[in-house]
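The values are calculated or read from the model by the stated rules, or taken from the named source; none is laboratory data. Bear in mind the structure is a predicted one, so any value in this text is a computation, not a measurement. Don't worry about glycine lacking a Cβ; one is built from the backbone with ideal geometry, like all the others, and counts go over all protein chains shown.
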Amino acid sequence: MAQATTSTGAESVRWDLTDLFASPTDPAIEALMAHTLETARAFEAKYKGKVATLPSAEFAAMMAELEADEEQAVRPEIFAYLLHSQNTQDPAAGRLLARAREAAAERGSHMVFFPLELAAITDEQAAALFADLEAARYRHHIEQARKFRPHQLTEPEERVLTDFSPVGNSAWVRLFEELCAGIRTEIDGKDLGLEEALTQLHEPDREVRRRASAAITEALQRDIRTRAYVFNVTLQEKAIEDRLRHFSTWVSSRNLANETSDEAVQALVDAVSGRFEICVRYYRVKKRLLNVGELHEWDRYAPLPGASRDLSYEATQELVLGSYNRFSPKVGKLVSQFFEHAWIDAPVVPGKGGGAYCMPVSPRHHPYVMLNFTGKLRDALVMAHELGHGLHDLLAARQNFFDYQPPLTLAETASVFGEALTFDRIMAEEKDPQVRLGLLCQQCEDAFSTVFRQVAFNRFEDACHTARRKEGELSLDQLGEMYQAKLQPMFGDGLILTDEHKGWWSYVGHFLFAPGYVYAYAFGNLLALSVYHRYLEVGPPFVDSYMDFLGSGGSTRPDELVKRVGMDITDPMFWDKGLDILDGMVREVERLSASQ
């Protein structure tokens, strides 16, 4: 079979990872892992049994010492993960990742005492610590740790779980990722990886999309039983952990980590699923615009004229960077560093991990962005999205190591905001009404993917976790039926999912490596849309408050932090306001399409 050879200009855009380590065989990796193991042992010997009673000055010194140690300790595993992402089929990268995780677990066994003792700090001790300026730097981290007290096990139990962690969820996730990265399809005589095949679903020619969809379905079926087994194991592992830690629902641990409540998340899910009609209305219009009898899954991302066009990597860089510069030259200068310093890995190559992500390291080390750049207009929005994450990381570098990363509920704000900046630039430069309609449709579909589709994914996860705990191992038929049952309502009669779609749950890695994660996309997208509209209302004075918002990282509760940009996420009507923005986008599509 012929290989895909289309040039995008991204072929040589690869990470330079030498600012972490020189190579996978760099002796500095083993040396650092040995050093951080010794520092963990020394930390345990020095502070075990004392954390909850240390005077303020000694507590602050302890936290500063730990912060320095943690910043070093994360580097080997992050380096190994980045290498593995570049080529999941490389045995050397896989071995290094396994070795780094084993070393992290060994080190972690000496640190088990720390979160237990941190959570045991009394109200009186906490008040004394927070009265001290240096110790108060770690206030948010301490408060969060104390919330997990009811869900912690004894130190010996926590140590056993830490020791077993390298052969637990992370091992199953690695297997799943390698299986997905190895999926190959044959479309029109070309041998394509899954990422490239999924790109074909955005082609204007319906027959090309249908063939691509069929090829993806066929490819997913080849080892779907193995991936289903992996999923079942991770479902059961989560059930066991939730039982041991006394979490009331499968998603409660995620909500606690996200600094929100079960009730607040359910309110979001109910609000979004209660407005599926927005999505249904859109696909009814799209059906008429495409002039077909029925829409199916291969029509979901079918472009209208002008919405799909090729872009080189260089042109995409100019478009995205220019959009950030228009918002703020200071922001543009920060984002430009990713292009100047080889912090991006862009091309589609065999064995490379799928999708796109931004990998943070620490406040003292820059993040890395991974793309699978296919040379389409939508790649500009993906680039803008991931660089938004990167901007967030760079601005949050003023925080301590423990408060560096925001909770997942805020993690998508900068990324979606960056997408909106880029999309608005595209629309501002486009005068053709038909092309503008096509681009607006694309924006709707992207928003639907991160709001309605992710909430539908949440409903699928909920069904899977609930059924696994009640009925035992789930069959392929059960998984397929549940997937269809939870995805179809967002399309209503506007688009009908065929039986071929039933196995498409089986390449979604979030279900395994971060159970409960997906609703954060809807949370973040609706929040980001509201933040962006706030920017359009306020104008340039908004820039500084927005940068301060991002610079706060994870140092402040989400509800408090959002107030800094003039909004209240505790308002029961907040999510409806965000959904009203999507409703307005669909109304504009309906208006523009009336003349088509």
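Just checking, which of TYR301, TYR357, TYR368 is surrounded by fewer than 19 Cβ atoms within 10 Å (Cβ to Cβ) and aromatic (Phe, Trp, Tyr)?
On the way: TYR301 fails: surrounded by fewer than 19 Cβ atoms within 10 Å (Cβ to Cβ); TYR368 fails: surrounded by fewer than 19 Cβ atoms within 10 Å (Cβ to Cβ).
Exactly one of TYR301, TYR357, TYR368 is surrounded by fewer than 19 Cβ atoms within 10 Å (Cβ to Cβ) and aromatic (Phe, Trp, Tyr), namely TYR357.
Taking the stated definitions as given, is PHE457 assigned by TED's automatic domain parsing to the domain that holds PHE549, touching a helix residue (DSSP H, G or I) at 6+ places or on another chain (Cβ under 9 Å) and under 30 Å from ARG288 (Cβ atoms)? Give the derivation first.
Values: assigned by TED's automatic domain parsing to the domain that holds PHE549: yes; touching a helix residue (DSSP H, G or I) at 6+ places or on another chain (Cβ under 9 Å): yes; under 30 Å from ARG288 (Cβ atoms): yes.
So PHE457 passes the test.
Rundown of residues vs (1) among the hydroxyl-bearing types (Ser, Thr, Tyr); (2) closer than 21 Å to ASP580 by Cβ, yes/no style:
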site: CYS441; (1), (2): no, yes
site: ASP462; (1), (2): no, no
site: LYS470; (1), (2): no, no
site: GLN478; (1), (2): no, no
site: LYS486; (1), (2): no, no
site: ASP499; (1), (2): no, no
site: SER530; (1), (2): yes, yes
site: PRO541; (1), (2): no, no
**Q.** Pairs with Cβ under 7 Å, 6+ apart, first in the range 292-309 and assigned by TED's automatic domain parsing to the domain that holds LEU440, second at pLDDT below 75 and in a helix (DSSP H, G or I)
**A.** none
**Q.** Total residues in the range 410-429, condition in contact (Cβ under 8 Å) with a residue 40 or more places away in the chain and either farther than 23 Å from ASP393 by Cα or assigned to a loop (DSSP other than H, G, I, E, B) (or both)
**A.** 4
Q. In the range 119-156, what count of residues is obtained for those that are exposed (fewer than 13 other Cβ atoms within 10 Å of the Cβ), among the hydrophobic types (A, V, I, L, M, F, W, C) and in a loop (DSSP other than H, G, I, E, B)?
A. 2
**Q.** Number of the exception - ALA52 against (1) of a type in the set (Gly, Ala, Ser); (2) over 30 Å from the mean Cα position of the chain (by Cα); (3) on the phi < 0 side of the Ramachandran plot; (4) not in a helix (DSSP H, G or I)
**A.** (4)
Q: Filter the range 547-596 down to the residues that are among the polar types (S, T, N, Q) and either under 27 Å from ALA136 (Cα atoms) or in contact with a Leu (Cβ under 8 Å, 6 or more places away or on another chain) (or both), then identify the one that is surrounded by the fewest Cβ atoms within 10 Å (Cβ to Cβ).
A: THR570
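Within the range 58-89, track down each residue that is in a helix (DSSP H, G or I) and touching an Asp or Glu at 6+ places or on another chain (Cβ under 7 Å). Before the answer, list the steps.
Step one: filter the range 58-89 for residues in a helix (DSSP H, G or I), giving 58-73, 75-86.
Within the range 58-89, ALA60, GLN86 meet the criteria.
In the range 199-211, what count of residues is obtained for those that are in a helix (DSSP H, G or I) and within 24 Å of VAL435 (Cβ to Cβ)?
8
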Q. In the range 392-440, what residues are of a type in the set (Gly, Ala, Ser) and in contact with a strand residue (DSSP E or B) (Cβ under 9 Å, 6 or more places away or on another chain)?
A. ALA397, SER415
Q: Considering only residues that are in a loop (DSSP other than H, G, I, E, B) and surrounded by 15 or more Cβ atoms within 10 Å (Cβ to Cβ), look in the range 224-257 and name the one that is nearest to the chain's Cα centre (by Cα).
A: VAL251
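Please enumerate the residues belonging to the range 561-596 that are β-branched (Val, Ile, Thr) and within 24 Å of PHE276 (Cβ to Cβ). Steps first, please.
If we filter the range 561-596 for residues that are β-branched (Val, Ile, Thr), which is where we start, we get 562, 565, 569-570, 581, 586, 589.
Correct list: ILE569, ILE581, VAL586, VAL589.
Hey, among VAL538, VAL518, VAL565, VAL508, which residue is under 24 Å from the mean Cα position of the chain (by Cα), at pLDDT below 95 and over 30 Å from PHE231 (Cα atoms)? So that I can check it myself, show each step before the final result.
Working: VAL538 fails: under 24 Å from the mean Cα position of the chain (by Cα); VAL518 fails: over 30 Å from PHE231 (Cα atoms); VAL508 fails: over 30 Å from PHE231 (Cα atoms).
Only one candidate passes the filter, namely VAL565.
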Q | Yes/no for LEU161 being over 30 Å from ASP310 (Cα atoms) and among the hydrophobic types (A, V, I, L, M, F, W, C) | A | yes
